[in-house]
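Structure first, commentary second.
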Amino acid sequence: MKNRPKVFVIEPNGQGNICHYSIGLSNALSQKGFDVLLITSIFCEFQKQFKGFKLLRILRNGLLGYFYYLFAVLKLVAQKTPHVIYIQDTVFLPVEIFLFALLKNVFHCRLIYTAHKIVPHEKRLLKLFIYAYFYKIIDLVVTHNDTDRKIISDFFGIKSSKVFTVSRGNYLIFEQYFNNTPVCARRDLDLPEESHVILFFGYISRGKGLDILLKAFRELCDIIPNCKLIVAGKVFNLSYYENLIQDLNIAKNLIVDWNYIPMKQVVKYFAASNVVVLPYRKICDSPIVQMAYTFGKPIIKTVNIEDRYFKEGKNGYSVIPGDVIDLTEALIKLFSDDDKFEEMSCNVREMAEKTYSWENIVSVTESALV
């Protein structure tokens, strides 16, 4: 089909949940009829070519490589004249903001930004000023929860009509990697078939509440002896968690993988688990929710995690942040009713397929062309 609207999706880092989101978005846009080019660095974990959209890998090793990357993006825009630039992440915003301003004002591209991170972790005045200007030049901002939307609208003074709250999409595009049955996954991980397996997955920081889960798991082991816990994800304070595990004397019931987890290994951990736990202290959004649902896993999450479609007892259970007893009781409740657990598993898989489809996310791109 000729004259299809052209969309460039920019994701410069090539791994992690933003990379996965960008692939799902690019696939959905292409199915909707857009001519899509995903610009990224080398995908270390994805060797298969996804159909429907084009993928361009731009090396950016070192300072010279970084400026080559910026020049390559500018040259591509000048040659291809895309209608929409869909920004998923940046490398160094203080420099790239000039590129985005140029793309908008000279090449008249519509700019959409998915605010996976709405402000810098270090809230210094200069960085906040840069983000404020960045949001002002963006035509549409996509957030994943109402809290982030309110912050962007109120704190940065952005019109609410420019900010959309859209749930994250599912991970069904990665089903080509779903080649591990629960039996095979547990055999590979040396887990007994009859054990109750809990999964904590993703980057591990203080705010993720892993320490709360470890303490709750200590209590759970005294009540349900055949429990196992998988902890998988890159950690920022390894010695703290290793000491805590030793103090709690739970190492024999744990499988730990303190590294970035490539998708093929992700599949194994999710397949082997019964439930995914998100004991986050203050974090109000996570892609792990949609990932768990895609694999048919109920969740136990803290109440601060916003999910407008979550139904207590249907998708899993909510607990109070930082409350070890509340989390322990939720795990006991989930493992004590096999029929209820099976019903939850079916519910969340159906939600992944229907509720968390990419159609709503694509509609934001369509509105940018109006």
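Scanning the range 268-285 for residues being crowded, with 24+ Cβ neighbours inside 10 Å, out of contact with any Ser or Thr (no Cβ under 7 Å at 6 or more places or on another chain) and not in a helix (DSSP H, G or I) gives a total of 3. Of all residues in the range 163-186, those that are within 30 Å of residue 150 (Cα to Cα) and more than 17 Å from the chain's Cα centre (by Cα) total 2.
The residues on offer are 138, 97, and the sole one that is of a type in the set (A, V, I, L, M), crowded, with 19+ Cβ neighbours inside 10 Å and either within 30 Å of residue 359 (Cβ to Cβ) or at pLDDT 90 or above (or both) is 138.
Scan the range 217-244 for residues that are more than 30 Å from residue 18 (Cα to Cα) and aliphatic (A, V, I, L, M) and the total you get is 4. Filtered by the rule that a residue be within 17 Å of residue 147 (Cα to Cα) and not in a strand (DSSP E or B), the range 290-303 gives a lone residue, 303. Here the condition is being hydrophobic (A, V, I, L, M, F, W, C), under 21 Å from residue 213 (Cα atoms), touching an Asp or Glu at 6+ places or on another chain (Cβ under 7 Å) and not assigned by TED's automatic domain parsing to the domain that holds residue 19; of 289, 303, 276, it holds for 289 alone. Note on the range 257-267: residues that are assigned to a loop (DSSP other than H, G, I, E, B) and surrounded by fewer than 16 Cβ atoms within 10 Å (Cβ to Cβ) total 4.
Which one is nearest to the chain's Cα centre (by Cα) among residues in the range 80-94 that are assigned to a loop (DSSP other than H, G, I, E, B) and surrounded by fewer than 20 Cβ atoms within 10 Å (Cβ to Cβ)?
Within the range 80-94, the first condition is being assigned to a loop (DSSP other than H, G, I, E, B), and the residues that meet it are 81-83, 88-92.
With the extra rule that they be surrounded by fewer than 20 Cβ atoms within 10 Å (Cβ to Cβ), the set shrinks to 81, 83, 90-92.
Working: 81: 30, 83: 26, 90: 16, 91: 18, 92: 21 Å.
Step by step, filter the range 80-94, then rank; the result is 90.
Across the range 32-71, the number of residues qualifying as out of contact with any helix residue (DSSP H, G or I) (no Cβ under 6 Å at 6 or more places or on another chain), modelled with pLDDT of 90 or more, surrounded by 15 or more Cβ atoms within 10 Å (Cβ to Cβ) and among the aromatic types (Phe, Trp, Tyr) comes to 4.
Restricting the range 1-31 to residues that are basic (Lys, Arg) and modelled with pLDDT under 90, the residue that is farthest from residue 287 (Cα to Cα) is 2. Taking the range 160-241 as the region of interest, the strands (runs of 3 or more DSSP E) fully inside it that hold 2 or more residues being in the same structural domain as residue 307 (by TED's automatic domain parsing) and at pLDDT 95 or above are 196-201, 227-232.
Out of curiosity, is residue 104 surrounded by 13 or more Cβ atoms within 10 Å (Cβ to Cβ) and at pLDDT below 95? Quick ask: steps written out before the conclusion?
Numbers: surrounded by 13 or more Cβ atoms within 10 Å (Cβ to Cβ): yes; at pLDDT below 95: no.
Taking the combined requirement at face value, the residue does not satisfy it.
Among residues that are over 30 Å from residue 26 (Cβ atoms), among the hydroxyl-bearing types (Ser, Thr, Tyr), crowded, with 18+ Cβ neighbours inside 10 Å and over 22 Å from the mean Cα position of the chain (by Cα), residue 328 is included. Of the residues 54, 75, which single one is in contact (Cβ under 8 Å) with a residue 12 or more places away in the chain, in the same structural domain as residue 142 (by TED's automatic domain parsing) and of a type in the set (Lys, Arg)? When all the criteria are applied, what remains is 54. Residues of the range 312-346 being touching a residue at least 40 places away in the same chain (Cβ under 8 Å) and of a type outside the set (A, V, I, L, M), which ones? Matches in the range 312-346: 316, 321, 322, 323, 328, 335, 341, 345, 346. Cβ-Cβ contacts under 9 Å between residues 6 or more apart (or on different chains), taken from a first residue in the range 259-281 that is among the basic types (Lys, Arg) to a second residue that is in a helix (DSSP H, G or I), are listed as 264/177; 268/184; 268/185; 268/188; 281/206; 281/207; 281/208; 281/212.
The values are calculated or read from the model by the stated rules, or taken from the named source; none is laboratory data. What you see is a predicted model, and the numbers here were worked out from it, not measured in a lab. As a convention, Cβ positions derive from the backbone with ideal geometry for all residues, glycine included, and neighbour counts pool all protein chains shown.
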